[in-house]
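Scroll down for the structure; my scribbles are underneath it.
The values are calculated or read from the model by the stated rules, or taken from the named source; none is laboratory data. The shown structure was predicted, so the numbers you read here are calculated from the model rather than taken from an experiment. Reconstructed Cβ throughout: ideal geometry from the backbone, glycine too, with neighbour counts over all protein chains shown.
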Amino acid sequence: MERGTWRLLGIFVIVVALCTFVTAEEKAAQGTATNQTTTPPPEPAAGSSGLEEFRDWFHNPAPWLEMGADLRARWTYGWNLDTLNDDATNRSSGYNWYQNRMRWWMKFKINEDMDFNLKYTWEFRIWDEPERKNGNGSSVERRTTGPDFSEIVWDQFNLTVRNLGGMPLTMVVGRQDIRLGEGWLIADATPCDAARTAYFDALRFTYAIPDKDKTTLDLIYVENRAAEDWYLHPINDRKRVITQQDERAVIVYYTDKSRPSLNLEGYFILKIDNPINYPMPATPTGNDKLPPYWSKRANIYTLGGALSGALAGSEHWKYRAEGAVQMGKKEGLDPITLARTGMHNLIAFGTIDKLEYHFNDAKKNKLRGSFEYLSGDDPSTGKDEAFDPLWGEWPRNSEVLCYVYNLETMLGEVTNLYRLGFGHSIQLTEKIAMDTDVHWLWADENTRKGYTHSSGLGFSNGSYRGTLATWQLKCNLTKNLTGHILLEYFQPGNYYVSGSRDAAYFARINADYTF
């Protein structure tokens, strides 16, 4: 679907929304004295908080309008994220940056069954290290130009219609967030955008199956483009890319949560990737240019499902098991030269499984074990056996791994993996919780054996990727203010050459305020 078609669709949605709104307003004027005009902020009541009064007004300034806003502030530090070498000379081993994200959303209530949703997102970053992330890499320019205040993007732009055609059917058309299951394969359609956005440009129908409680069938058409301005132009547009290639997809997703001991999910996904034929400009993470081999052609058929629930009706044991097989064709790369080798038959498999024990005590203690397998490409065959995570390119288990994988595969494309993990969670106080996890990681294949990245990171003939430990302290300070502290440690194994086995560290302090 071309840009002009999407623009016409957007204009059509707005016209329908306005016409419906006018009709609803006329009916309201005839049947009630309640008007539909925006009211001024109320005067604070005696003994009440003026901020609370203003917040209430801001959330619902008119009967037909709801609004919200939030602010996220982050400080992040990383060491050896893209070198695994303390003495790297051709690339800085240290990362140190600040990022601030502000979002403002609006819901226009056209009638009981129809909403129009908008969300603006603005995030800017300030880099202390490495210097190449600011301007052209010059420390002089960094001092003179200061932070890059970036752009404001359309994070949501959609029309939602419920009870479509008098049926238990909901339609959402336009820019929207989509997360299915636990987000293993469907969660983030803008991986090059880092943590700023995760939206899909899509048409989604959700049918609530009658006579089956908590059972739905989703049919989704996805049309994502690498260029962020193909559909809706950002304010102060920086011509960035948000994903590695242009993507089209069809998703059929069945969910049955009617039984607490056996939840069922099943899905079929067809994803078509087309490489872009223009230079990849800077991304919000500060990259000057993305590697051209990140944009590849593929036709991927994914068939999978998941089982989850309470184990044998127990109040303590919970489980989830998910697996998927992939077929189709995908463009290959030479593991050493990274030259394109044409289309190859794709046959891959992945699974992620989790078992939890809930103590059900006052501290909410919980133990968990997890296993994940993502098949890797065997370079000795003419096929491609590497499992593609689709829209699962987000830090599901680790921030460090996303950076390390950037040097081996496409952006955040975690594949070729065996992962065994154990963890513990506890509610320390009413407002503070803590998660601790340890993971042991192996590679399924030595796909990159003999390859050395420009950062100096080299790959050996071993299979042990390394040991990963993560610790997170989560705080719910008030109803509106939350935060967390995240620490990660990664000790590389013999999957990497001896000069690329220095430990990597990651630290983040995060605060979120919802207005």
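Any chance you could count how many residues in segment 232-247 are within 15 Å of Ile152 (Cβ to Cβ) and not β-branched (Val, Ile, Thr)?
Residues of segment 232-247 that are within 15 Å of Ile152 (Cβ to Cβ), as a first pass: 232-240, 242.
Still in the running and not β-branched (Val, Ile, Thr): 232-234, 236-240.
Looking only at that region, the number is 8.
Taken together, Gly183, Gly166 contain a single residue that is closer than 28 Å to Asn397 by Cβ, surrounded by fewer than 18 Cβ atoms within 10 Å (Cβ to Cβ) and not acidic (Asp, Glu), which is Gly183. When His484 is tested against (1) touching a residue at least 40 places away in the same chain (Cβ under 8 Å); (2) over 26 Å from Leu407 (Cα atoms), exactly one condition is not met: (1).
A quick yes/no check of all residues on (1) of a type in the set (Lys, Arg); (2) outside any strand (DSSP E or B); (3) more than 24 Å from the chain's Cα centre (by Cα); (4) farther than 24 Å from Ala339 by Cα:
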| site | (1), (2), (3), (4) |
| --- | --- |
| Arg448 | yes, yes, yes, no |
| Lys474 | yes, no, no, yes |
| Thr478 | no, yes, yes, yes |
| Ile509 | no, no, no, yes |
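When the residues of segment 323-358 are filtered to those that are of a type in the set (Val, Ile, Thr) and at pLDDT 95 or above, the one that is farthest from Gly376 (Cα to Cα) is Ile352.
Checking Gly450, Gly466, Gly412, Gly499 one by one, the residue that is surrounded by 19 or more Cβ atoms within 10 Å (Cβ to Cβ) and modelled with pLDDT under 95 is Gly412 and no other.
Listed here are the residues, each with its yes/no results for (1) surrounded by 14 or more Cβ atoms within 10 Å (Cβ to Cβ); (2) in contact (Cβ under 8 Å) with a residue 60 or more places away in the chain.
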position	(1), (2)
Thr337	no, no
Leu346	yes, no
Lys354	yes, no
Phe371	yes, no
Ser375	yes, yes
Lys383	yes, no
Ser398	yes, yes
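What do you reckon, is Gly382 at pLDDT 95 or above and over 15 Å from the mean Cα position of the chain (by Cα)?
Details: at pLDDT 95 or above: no; over 15 Å from the mean Cα position of the chain (by Cα): yes.
Spelling it out, it is not the case that Gly382 is at pLDDT 95 or above and over 15 Å from the mean Cα position of the chain (by Cα).
Give the residue that is farthest from Arg74 (Cα to Cα), with candidates limited to residues of segment 480-504 that are hydrophobic (A, V, I, L, M, F, W, C) and in a strand (DSSP E or B). The qualifying residue farthest from Arg74 (Cα to Cα) is Phe490. Within segment 218-227, none of the residues are buried (at least 18 other Cβ atoms within 10 Å of the Cβ), aromatic (Phe, Trp, Tyr) and modelled with pLDDT of 95 or more.
When segment 405-441 is examined, which residues are found to be of a type in the set (A, V, I, L, M, F, W, C) and either in a strand (DSSP E or B) or more than 18 Å from the chain's Cα centre (by Cα) (or both)?
The answer is Leu407, Leu417, Leu420, Phe422, Ile426, Leu428, Ile432, Ala433, Met434, Val438, Trp440, Leu441.
Condition first: more than 16 Å from the chain's Cα centre (by Cα), of a type outside the set (A, V, I, L, M) and at pLDDT 90 or above. Now tell me which residues in segment 230-244 satisfy that. The answer is His233, Pro234. Within segment 456-481, the set of residues being aliphatic (A, V, I, L, M) and more than 15 Å from Val400 (Cα to Cα) comprises Leu473, Leu477, Leu481. Across segment 113-131, the qualifying residues are those that are of a type in the set (Asp, Glu) and at pLDDT 95 or above, and the one among them that is nearest to Phe200 (Cα to Cα) is Asp115.
Say whether the condition of being among the charged types (D, E, K, R), surrounded by 14 or more Cβ atoms within 10 Å (Cβ to Cβ), in a strand (DSSP E or B) and on the phi < 0 side of the Ramachandran plot is met by at least one residue in segment 307-320. Steps first, please.
Going through segment 307-320, the residues among the charged types (D, E, K, R) turn out to be 315, 318, 320.
Then drop every residue that is not surrounded by 14 or more Cβ atoms within 10 Å (Cβ to Cβ), which leaves 318, 320.
Next cut, in a strand (DSSP E or B) only: 318, 320.
Adding the requirement that they be on the phi < 0 side of the Ramachandran plot leaves 318, 320.
Yes, that holds for at least one residue.
Checking each residue in segment 237-274 for being more than 15 Å from Leu390 (Cβ to Cβ), in a loop (DSSP other than H, G, I, E, B) and not hydroxyl-bearing (Ser, Thr, Tyr) picks out Asp237, Arg238, Lys239, Arg240, Ile242, Lys257, Arg259, Pro260, Leu262. The condition of being within 19 Å of Asp502 (Cα to Cα) and modelled with pLDDT under 85 holds for only one of Asn85, Asn90, Asn96, that being Asn90.
Only one of Leu367, Leu355 is part of a strand (DSSP E or B) and in contact with a helix residue (DSSP H, G or I) (Cβ under 8 Å, 6 or more places away or on another chain); which? Spell out how you get there, then give the answer.
Working: Leu367 fails: in contact with a helix residue (DSSP H, G or I) (Cβ under 8 Å, 6 or more places away or on another chain).
It is Leu355.
Residue pairs, Cβ under 6 Å, 6 or more apart or interchain, first in segment 503-515 and within 15 Å of Cys402 (Cα to Cα), second surrounded by 15 or more Cβ atoms within 10 Å (Cβ to Cβ) and of a type in the set (Gly, Ala, Ser). List them. Listed pairs, sorted by first residue: Phe506/Gly78. Within segment 420-447, restricting attention to residues that are farther than 17 Å from Leu486 by Cα and of a type in the set (S, T, N, Q), the residue that is modelled with the highest pLDDT is Thr429.
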